[in-house]
Amino acid sequence: MGKSQRRKAGGDQFDSSDADSVSSISTGLLELANDTECLNSQEFELEKYIDDLYEKRGSTREKALSRLVDAFEGHVLLKFVENKFITLLNQYINSIKRGSTKEACLASRAIGLLAITVGAENNAHEIMEESVSHLSQALISGSDAQKKSSVLDCLAVVTFIGAIDLAETEISLKAMWQVIYPKSGPNVGLVKKLPSTVLAVAISAWSFLLTTISGWRINPDNWKESVAFLSTLLEDNDRSVRVAAGEAIALFFELGILDLHRSDHIDIDSLNHEVLKHGMLTYMQSMKAKILAKANDLSVEAGGKGTDKKNLNDQRDLFQKILDYVQTGECPEISLKISSKHGLLRASTWTQTIRLNFLKRFLGRGFLKHAQDNELLHDLFNFEQDKTVSLSSIEKKISRSEGDKGRTQKMKKDRKLAQERKRGHLITQEE
């Protein structure tokens, strides 16, 4: 029956508004049916991939893991995993223990994505309890760089989300630190030097997990080794390692580990003798001066022929921000627009900046979706609506003008600080 015939046949019973109402309801029901069908189709596919994880053929398991990783990157599948996370976790752990390097890497990533999806709930703690020992063993037994990097990231994520106290966090921090600094572990003579790519990932993951200790009282004596070793990495040949070490050191400044008398988190009274207290203060002050001198050099490093300009600019920017923070106490701020609908994520401390950088790297192309829909990320950062969305074109122009003015003032301030650093004023103040 044609459209005109339907209208004529119903003309005695409905007016035009009734027809519009019926049309609207029909459209809504159709959209709901399509959404339901799409959801059911996705769940059917995911169930199939879970079944494939039990297959003996490694290539089949790898393909299933790859598809599951894609799904968990592209969607926040909280409802789907409510009754399946233990099944998924057990199969992921089996893949780490018995699978190829590729399979173990995919499984490690899948566990991390599972923890991020579950969020800070009881299930997250169970994921951590079940996986930490297997991940730590994989770090010790394996020598493959790619696998080690994936396991390090996974260990950082599951502990960050699932740990409930400092003791649980310290277990993972220690396991990761033994990878970063092999001399701190039991098998010193058997461990080879890490490739620079793995070392940078390891420091980044360790720093990410270290951001969780800010709420606990810190014994400064426990951090002497970390401060000393990371300071030597500022002279590493690889720029990515220098940047990763710089972020960790920035966190040390924020936590007060390099400014013992300024922090509420440092338990200086745990040192049971005045001589020890004085020695610790003196040591950290000398390390602070050494680090700032090197940071000053890295913030103005010249680029030679063939230099990777982006990495060089990242390095300069980071160490300038560290110097500015030490001098002014002002943390760098990051404002990340998620979308016009979902608003902004803001990072206003070194802790938040390190968390943001790590999660952007770990989630990759899935970061935007999780930033929009995952409550865990909203809790970690200052999440707010973009106030310019509802403004008129004139109001938006005024807002941009005010923003440009603020950025101009900040640039002038940054240039002034940079000039002072070049003249050595900052280093003189710290000595």
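The values are calculated or read from the model by the stated rules, or taken from the named source; none is laboratory data. Values in this document were obtained by computation on a predicted structure and should not be read as measured data. Glycine also receives a Cβ, built like all others from the backbone with ideal geometry; neighbour counts cover every protein chain displayed.
Overview of values
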read-out: Subset of the stretch 211-224 that is under 18 Å from residue 288 (Cβ atoms) and part of a helix (DSSP H, G or I) - its residue that is modelled with the lowest pLDDT; value: 220
read-out: Condition check for residue 324: surrounded by fewer than 19 Cβ atoms within 10 Å (Cβ to Cβ), assigned to a helix (DSSP H, G or I), acidic (Asp, Glu) and in contact with a helix residue (DSSP H, G or I) (Cβ under 9 Å, 6 or more places away or on another chain); value: no
read-out: Subset tally (residues that are surrounded by 17 or more Cβ atoms within 10 Å (Cβ to Cβ) and touching a Pro at 6+ places or on another chain (Cβ under 6 Å)) for the stretch 136-188; value: 0
read-out: Failed item in (1) assigned to a strand (DSSP E or B); (2) within 14 Å of the chain's Cα centre (by Cα), with residue 338 passing the rest; value: (2)
read-out: Criterion: under 22 Å from residue 366 (Cα atoms) and among the basic types (Lys, Arg) - qualifying residue of 102, 97; value: 102
read-out: Count - residues of the stretch 45-80 that are in contact (Cβ under 8 Å) with a residue 40 or more places away in the chain and among the hydrophobic types (A, V, I, L, M, F, W, C); value: 9
